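For reference, the structure discussed in these notes is given below.
The values are calculated or read from the model by the stated rules, or taken from the named source; none is laboratory data. The structure presented is a predicted model; accordingly, all values stated were derived computationally and were not measured. We place every Cβ from the backbone using ideal geometry, glycine too, and count neighbours over all the protein chains shown.
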Amino acid sequence: MSEFDYDKLLDRARKNIPQEISGDARWKLPEPEVLIEGQQTIIRNFSDITDMMDRDANHVYHFLQNELGTSGSREEHRVLLKGRIPPKRIKEKLGNYVRTYILCDQCNAPDTRFLKEDRTTLLKCQACGATRPVKM
């Protein structure tokens, strides 16, 4: 019938798709750049992280403070936290934030927004339409 084999054409098309589009994780959080100076921990690329999350930097900052049990201050692009906090622990807490306030429970897409209904805050997925309540 046709001189083209469907499977061969499909394989050829898959090879031509760029890796950043075809990869499993199209959304990846930047690695936190953590610096420990004396009794203070600095997250140097905090603004890059919150920009990628598309969330309010104050919300992420207060979440980190509560989860790490420390105080600190926020400057323009970085966060200063009191105490010597291991980078692994900061990365773990940022991962918790992503799972709680960004990723959709149904389709795992990062395309979510906060919605306020009465006194309840919901996380609404722009990809599949699922909603779930979140604690602010």
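List of remarks:
- Residue in segment 77-91 that is over 16 Å from the mean Cα position of the chain (by Cα), among the small types (Gly, Ala, Ser) and over 30 Å from Arg132 (Cα atoms) present: yes
- Residue list for segment 46-90, restricted to those being in contact with a Gly (Cβ under 7 Å, 6 or more places away or on another chain) and assigned to a helix (DSSP H, G or I): Gln65
- The number of residues in segment 91-135 being of a type outside the set (Gly, Ala, Ser), assigned to a loop (DSSP other than H, G, I, E, B) and more than 16 Å from His59 (Cβ to Cβ) comes to 10.
- Yes/no for Arg74 being at pLDDT 90 or above and touching a Phe, Trp or Tyr at 6+ places or on another chain (Cβ under 9 Å): yes
- Screening the candidates Asn96, Asn66 for the property of being among the polar types (S, T, N, Q) and without any contact (Cβ under 8 Å) to a residue 12 or more places away in the chain yields one hit, Asn66.
- Options Arg55, Arg74; residue that is over 18 Å from the mean Cα position of the chain (by Cα), buried (at least 16 other Cβ atoms within 10 Å of the Cβ) and not hydrophobic (A, V, I, L, M, F, W, C): Arg74
- Pairs where the first residue, in segment 48-60, is outside the structural domain of Val34 (by TED's automatic domain parsing) and the second is surrounded by fewer than 17 Cβ atoms within 10 Å (Cβ to Cβ) and at pLDDT 95 or above, C-beta under 8 Å, 6+ apart: none
- Here Leu115 meets each of (1) at pLDDT below 95; (2) in contact with a Leu (Cβ under 9 Å, 6 or more places away or on another chain); (3) outside the structural domain of Ala130 (by TED's automatic domain parsing) with one exception, condition (3).
- Counting only residues that are in contact with a strand residue (DSSP E or B) (Cβ under 8 Å, 6 or more places away or on another chain) and within 19 Å of Leu64 (Cα to Cα), segment 92-122 holds 5 of them.
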